[in-house]
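The values are calculated or read from the model by the stated rules, or taken from the named source; none is laboratory data. What you see is a predicted model; the values in this text were computed from it and never measured. Every residue, glycine among them, receives a Cβ derived from its backbone with ideal geometry; neighbour counts consider all protein chains shown. Just the protein is used for accessible areas: all its heavy atoms, side chains included, with ligands, DNA and RNA removed. Shrake-Rupley method; radii C 1.70, N 1.55, O 1.52, S 1.80 Å.
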Amino acid sequence: MPVAASAIYFLNLRGDVLINRLYRDDVGGNMVDAFRLHIMQTKELGTCPVRQIGGCSFFYMRISNVYIVIVVSSNANVACAFKFVVEAVNLFKSYFGGAFDEDAIRNNFVLIYELLDEIMDFGYPQNLSPEILKLYITQEGVRSPFSSKPTDKPVPNATLQVTGAVGWRREGLSYKKNEVFLDIVESVNLLMSSKGSVLRCDVTGKILMKCFLSGMPDLKLGLNDKIGLEKEAEIKSRPTKSGKTIELDDVTFHQCVNLTRFNSEKTVSFVPPDGEFELMKYRITEGVNLPFRVLPTIKELGRTRMEVNVKVKSVFGAKMFALGVVIKVPVPKQTAKTSVQVTSGRAKYNASMDCLMWKIRKFPGQTESTLSAEVELISTIAEKKSWTRPPIQMEFQVPMFTASGLRVRFLKVWEKSGYNTVEWVRYITKAGSYEIRC
Amino acid sequence: MALSGMRGLSVFISEIRNCQNKEQERLRVDKELGHIRNRFKNEKGLTVYDKKKYVWKMLYIFMLGYDVDFGHMEAVSLISAPKYPEKQVGYLVTSCLLNENHDFLRLAINTVRNDIIGRNETFQCLALTLVGNIGGRDFAESLAPDVQKLLISSSCRPLVKKKAALCLLRLFRKNPDVVNVDGWSDRMSQLLDERNLGVLTSSMSLFVSLVSNNHEAYWSCLPKCVKVLERLARNQDVPQEYTYYGIPSPWLQVKTMRALQYFPTIEDPNTRRALFEVLQRVLMGTDVVKNVNKNNASHAVLFEALALVMHLDAEKEMMSQCVALLGKFIAVREPNIRYLGLENMTRMLMVTDVQEIIKRHQAQIITSLKDPDISIRRRALDLLYAMCDISNAKDIVEELLQYLGTAEFTMREELALKAAILAEKFAPDLSWYVDVILQLIDKAGDFVSDDIWFRVVQFVTNNEDLQPYAALKAREYLDKPAIHETMMKVSAYLLGEYSHLLARRPGCSPKEIFSIIHEKLPTVSTPTISILLSTYAKILMHSQPPDPELQNQIWAIFSKYETSIDAEIQQRAVEYFALSKKGAALMDILAEMPKFPERESSLIKKAEDTEADTAELSAIKSRAQQQASNALVVTDQHPANEPPQVTQLGMVKIPSINNLENNHVDQEVTQTNGIMGEVEPQNGDILGDLLAIEGPPGVSGTETLTEEGALALAPVGELENAVKPVIDIAERFRDLCVKDSGVLYEDPYVQIGIKAEWRGHQGRLVLFLGNKTTSSLDSVHAVILPPSHLKLELSSVPEIIPPRAQVQCPLEVVNLCPSRDVAVLDFSYKFGTTLVDNKLRLPAVLNKFFHPVTLSAEEFFPQWRSLAAPPLKLQEVVRGVRVMSLGEMTNLLNSLKLIVSPGLDPNANNLVASTTFYSESTQSMLCLVRIETDPADRTQLRLTVASGDSTLTFELKEFIKEQLVSIPAASRPPVLQPTIQPISSSDPGALLAGLL
């Protein structure tokens, strides 16, 4: 049984209803008051995305400055509900052409109502694919002036589209220049002890594609993952190439990927939808290349002074560089004065986050940077609880680097007309929750 | 407040107010706190102005609900600033941020004290306010004298005095020792002479607290309070600013009346008269007006006055006036006033005998039961429940029944319960009770708990007159097309037991009854089917000679249910089927249920539990209290040192059955008579409960019955075997030998207590014969079989002990000569058809006629030597003595009133004891005892007894020997067995037998 949502609400941060839609009449109209009273105005906000109040369950999610709340009165599939929310947001984004926030909602009431009618029926999720919905919901969102205006489409033939064998692609597309963009985006999650041993480490990655191809092309993607390579070696009856192979876990594909072929030949082949889509997602838990090493030393000198030393080392290739590096070094709540010295970037005490915020705009590979700070604390009347020492958090982006080591070996495009295509491949690694205990 | 000068503060506040959401606000606050921490850290750059500004910010942040855990030092330091603005913020922030347990406050005590004893009134006020808000024990100890000085000083302005009084109140609450009781009664009465009403109100608050702690010391203030009330009531000298909607200072009036309620009574007639005059004036002068505020104020005064009137136990006239006033209130439209009226009426019911007057308003109260406001309905229900007695029970219960139809669901259960309790308690006759309950079940079957119908069954079973009527009623209800399942259960049970009593009426032949019950079978649930099966079995038994057609029908049903999936039904079907083939024996097996032993109604207890209303003086609770006190009065008649045996609680233990054969017969009897006894635990909620609540003793223990032998029939008889004492009689007797009061005997129906007084050779025993059941006990006989040495006179014992009653039977004892023999009480009674006969030993034993004496060495040894040889002095080596230490032995002898004189005997292993014995033949006679123990072998000792009389010496020696040897042993000398009749001088045959 899918979600069976009784209602969906869009609230702003103050708790006012921006827009809502009731799918079933088994919940009352005052649900949102209950949500506001029991969730938004309590400290639990943000701690637990599913809450039960009375006989109803509230699933909520915050996206930019909007809360999306699904109210359910029966036993429902929570994961499905959240997936629905995420997909719906993507759909809205593709209609609005960019941001999804309070203003965007206010500007697009009619469109949202129409979409909400379409994507969920009596509480059951329906087709959420933007490409298809755009065929028959031809309302246009109020776009920001920067996004490109889509080309005029031929007269849509929605029935064929929905019932056809390739439901996600229209026939008869044609582009002057046939291009494929492929991005591998990875985020690294790390928890490291203060002594430098890795406690938990994994990479979640996704492959995003953007296709501007004519006709009905067949694409084939080759990665340096273990299964694919072994299979290939088997078929071609030659020994596996030496070199690094990657073991991917929990791989999920976009619906366009031909799974039978994947199962038999272990190759990713697909007819792509037009435009932007997420081809696959994966996770890697072994053999992760950490981009940064952090060596903290924090000394508490008596009750009112602390000495903080943090050394950060970049361990990726010397030619590469990380962008937007932010290191948050926690300090106690009663911090009064700080004096900080850094070898690169800037560092400042941030009282609202209780940390020293150290920002480095560009961090080249194979280099080292240090922060040393003296922190003075104020005395409090609260009983002297020893400071819990939360972990140091780090944010960064490293272009052209994959923490997993995943590489695209080939991307072949085959179409009846046999035109030439241009393929673009990019890699980027971001910090997920990159934490080092101190 | 000098905020206008502080730009930073107002900017900060406006920024906070402009925050879009909570998160932004938190970020701003955290940033500001970081800033303040930074500024406070470099002490040097901080001007007084900055300090003040940041402390204000801290207070604002704290008021928004954020934790502020620093900066208290700065706040406290501002207290000692010389200027008002700084001082003010210092005091204000300190009293907001800190509480009495913070150590920081110690730093402030001295500064605060300086302000209090200083000359500046504004500073005094600030300091007093701080102490009044957060003063703790430390403050109480160090500041109380100064505050007291301020309060009584004549030079202080009223403003300071007011604050000082309230401050002292706080300190007194924290530490009652700070107010010296002796010194303060005079000062307090001086304070109550105050003319300024503001100061007086504050002082009165203090006074209320003081008298609630100890009213004794403040008697002298009582007339002053009355004076204050008089002044207010007459509206003399009350300034305009203390008049609230024309009422002179209602707060002071209420407080004064509250204070007066702490004094138990008012002795002085003049004061009393004056007070009543005032109260009269309050009662008369209160009216319901339009203005809400005025109403509130005048009602506050009025209800406090009512409470005071109740407290003082005023004359009846005044009470009736109060009730009349309340009656007026409950007729008012305004729901709040009606609520108060009803609640106070309920309160009044507890206090005095105003019930008659309240009854006049019954109609109005019943109308309130239909009020749209549920809290008023509840109050009305409580009040009706509380005011119900025999005279109006019929009306009230009828009203409740009527109301039941329309009451909302949340109240129905409580309502049904209350109706049932009232019906049971105040039933003018039992048939009415049955009517009411059946009606109740009919109207609100869902809300009638099982307890209620169990209770009906119990009543009907225990009252033979009621049985045909109840059966008839049940039969009538069965004619209705759709009846509730509970009704089905009751009817089936009643008809099964008693339908034969109706047999002559038209439409009541066994066959017709069977068919009308059987019609309903398909509609009932499994537990009810079990009851129906029992009913069929009973009907079958009652149709004698058996009607073959009916028999076949019933047999068919039994054999159908023999394969039921429900184990209980299956077992019943199989067993009834087998039993019904027994022919004539069926009559005995399925005889009527025996009477239930009486218990306190479980309903009342349940009513207490379900009492959802938390009103402090709910009617039920007050009733329960009254009942508890009744119970205490009853048990007070029992000897004081017995373990509490409150009969109503009815913790009837299952008698321990030691005779295996008896046990078997018992169980047969049990099983056959109490067919309901074989209840599987899973079905316990139906009949298991019936038995658990009301089950006669002996019914339990049926789990062993499933053996095949259990179905075999044994001759039914010796029912009295079922009645077993619930206490160990032998042990009680032993206890009573050394004590003078306690319980001699107890079984499920009867308890016999005893209380004795002994003077010289005479004694007076009182037997308390208590009937624990609600039906009377017949053919009660108590005969004393006295031994030769005692003259016993038992006053007449009534033939019948009424239900729940206790009969006292005094018994005069005269001791003629020393002997160890024991008197026996032959006690018999009849419960239902059961004859119970018991022979009980009376604790009029030898040692009861001892009088303890303590002898010195000079007195003892001449006596000891003068009684030199047998028979006056006897010596015996006793073996097989129970092992005990010398201390234990001393205690034992002392408890027998043989007083041990320590240190008389040079040998530490020897004991020397003495006592005086009284009897008619010997008069008072000194007895001397010496026990020489052997530390190597504690089981033997040498006993020497001496007295002026040879019989006494012998008897005493034997008596002590018995005590030493055999106290805990089970076997006792045969003389003490009650079943063997002691030799009685009045019975020549026995005498002869004794001689032979």
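Using alpha carbons only, how many angstrom separate the centre of segment B:259-300 from the centre of segment B:789-819?
Result: 57 Å between the Cα centres.
Running Debye on segment A:7-154 with equal point scatterers at the Cα sites and no solvent, what base-10 log of I(q)/I(0) appears at q = 0.11, 0.16, 0.20, 0.21 Å⁻¹?
For segment A:7-154 at q = 0.11, 0.16, 0.20, 0.21 Å⁻¹, log10 I(q)/I(0) is -0.42, -0.86, -1.29, -1.40.
For every helix of n ≥ 4 consecutive DSSP H residues, a contribution of -39,500 (n - 2.57) applies; sum these over the protein assembly as shown, divide by its total residues, and give [θ] at 222 nm rounded to the nearest 500 deg cm²/dmol.
-13000 deg cm²/dmol
Evaluate E = 1/(1 + (r/R0)^6) for B:ASN101 and A:ASP121, where r is the Cβ-Cβ distance and R0 equals 41 Å; express this FRET efficiency to the nearest 0.05.
Here the calculated transfer efficiency is 0.10.
Determine the per residue accessible area of segment A:7-154 with all protein chains present and a 1.4 angstrom probe, expressed in square angstrom.
50
Hey, how many Å between the Cα centroid of segment B:2-56 and the Cα centroid of segment B:128-201?
38
What's the local net charge at A:GLU114, with K and R +1, D and E -1, over the other residues with C-beta under 15 Å away?
-2
Which net charge results for the neighbourhood of B:GLU304, defined as the other residues with beta-carbon distances under 15 angstrom from its beta-carbon, given Lys and Arg at +1 and Asp and Glu at -1?
The answer is +3.
Report, to the nearest whole %, how much of the accessible area of segment A:7-154 belongs to carbon and sulfur atoms, 1.4 Å probe, protein only.
Answer for segment A:7-154: carbon and sulfur cover 51 percent of the accessible area.
Tell me, what is the percent relative contact order of segment B:848-971, built from C-alpha pairs under 8 Å that lie six or more residues apart?
With pairs under 8 Å counted, the relative contact order is 32 percent.
What residues from segment B:423-467 fall in the zone where the backbone N is under 14 Å from a label point 7 Å along the Cα-to-C-beta line of B:SER525?
Those under the cut-off are B:445-451.
What is the count of Lys pairs in segment A:7-154 whose alpha carbons sit under 24 Å apart, if the two are 8 or more places apart or on different chains?
The result is 7.
Could you work out the relative contact order of segment B:29-94? I mean the mean sequence separation of Cα pairs under 8 Å and 6+ apart, divided by the number of residues, in percent.
29
Counting every Cα pair in segment B:848-971, what percent are over 18 Å apart?
Everything past 18 Å amounts to 49 percent.
Scaled to the compact-protein estimate 2.2 N^0.38 Å, what is the alpha-carbon radius of gyration of chain A, rounded to two decimal places?
That works out to 1.15 for chain A.
Give me the Å³ per residue figure for the convex hull around the C-alpha atoms of segment A:292-399.
Each residue corresponds to 85 Å³ of Cα convex hull volume.
Kindly flag which residue pairs out of B:LYS22/B:LYS52; B:LYS294/B:LYS328; A:LYS231/A:LYS416; B:LYS149/B:LYS227; B:LYS520/B:LYS582; B:LYS316/B:LYS359 have an alpha-carbon separation exceeding 22 Å in this structure.
B:LYS22/B:LYS52; A:LYS231/A:LYS416; B:LYS149/B:LYS227; B:LYS520/B:LYS582
Just tell me which lysines come within less than 19 Å, Cα to Cα, of B:LYS53; anything on the same chain fewer than 8 places away is out.
Qualifying lysines at Cα under 19 Å: B:LYS31, B:LYS41, B:LYS44, B:LYS83, B:LYS87.
Could you rank the peptides B:65-72, B:486-493, B:872-879 by their average count of other C-beta atoms within 10 Å per residue, with the highest value first?
By packing density, highest mean first, the sequence is B:486-493, B:65-72, B:872-879.
Find how much the distance from A:CYS48 to A:ALA79 grows on full extension, using 0.36 nm per residue of separation minus their present alpha carbon separation; answer in nm with one decimal.
9.8 nm
Over the protein assembly as shown, consider all pairs of different Cα atoms and compute the Kirkwood hydrodynamic radius from their mean reciprocal separation; express it in Å, one decimal.
43.9 Å is the Kirkwood radius here.
Could you tell me the distance between the Cα centroids of segment B:335-350 and segment B:363-416, to the nearest Å?
14
What's the total accessible area buried between chains A and B, using a 1.4 Å probe, rounded to the nearest 100 Å²?
1500
Sorting check: for A:246-258, B:903-915, which peptide has the highest mean count of neighbouring beta carbons within 10 Å, and how do the rest follow?
Going by the mean number of other Cβ atoms within 10 Å, highest first, we get B:903-915, A:246-258.
Taking just the alpha carbons, could you work out the radius of gyration and Dmax for segment B:763-889, both in angstroms?
In order Rg, Dmax, the Cα atoms of segment B:763-889 give 21.5, 66 Å.
Would you work out the relative contact order for segment B:1-126, in percent, from Cα pairs under 8 angstrom that are 6 or more residues apart?
Relative CO of segment B:1-126 lands at 18 percent.
Quick one: net charge of B:LYS511's neighbours, Cβ under 11 Å, K/R +1, D/E -1?
Overall, the nearby charge balance is -3.
Using a 1.4 angstrom probe, figure out how much accessible area segment B:276-385 has per residue, in square angstrom, rounded to the nearest whole.
With the other protein chains kept in place, segment B:276-385 gives 43 Å² per residue.
With the solvent-accessible surface defined on protein heavy atoms using a 1.4 Å probe, which residues belonging to segment A:348-388 display a reduction of at least 30 Å² in accessible area in the multichain context relative to the isolated chain?
Residues meeting the cut-off: A:ALA351, A:SER352, A:ILE378, A:THR380, A:ILE381.
Give the residue from A:VAL375, B:VAL766, B:GLN553 lying farthest towards the positive end of the charge dipole for the protein assembly as shown; charges sit on Cβ (+1 for Lys and Arg, -1 for Asp and Glu) and the dipole is referred to the Cα centre.
A:VAL375
Using a 1.4 Å probe on protein heavy atoms, which residues of segment B:69-96 have at least 10 Å² less accessible area in the complex than alone?
B:ASP69, B:PHE70, B:HIS72
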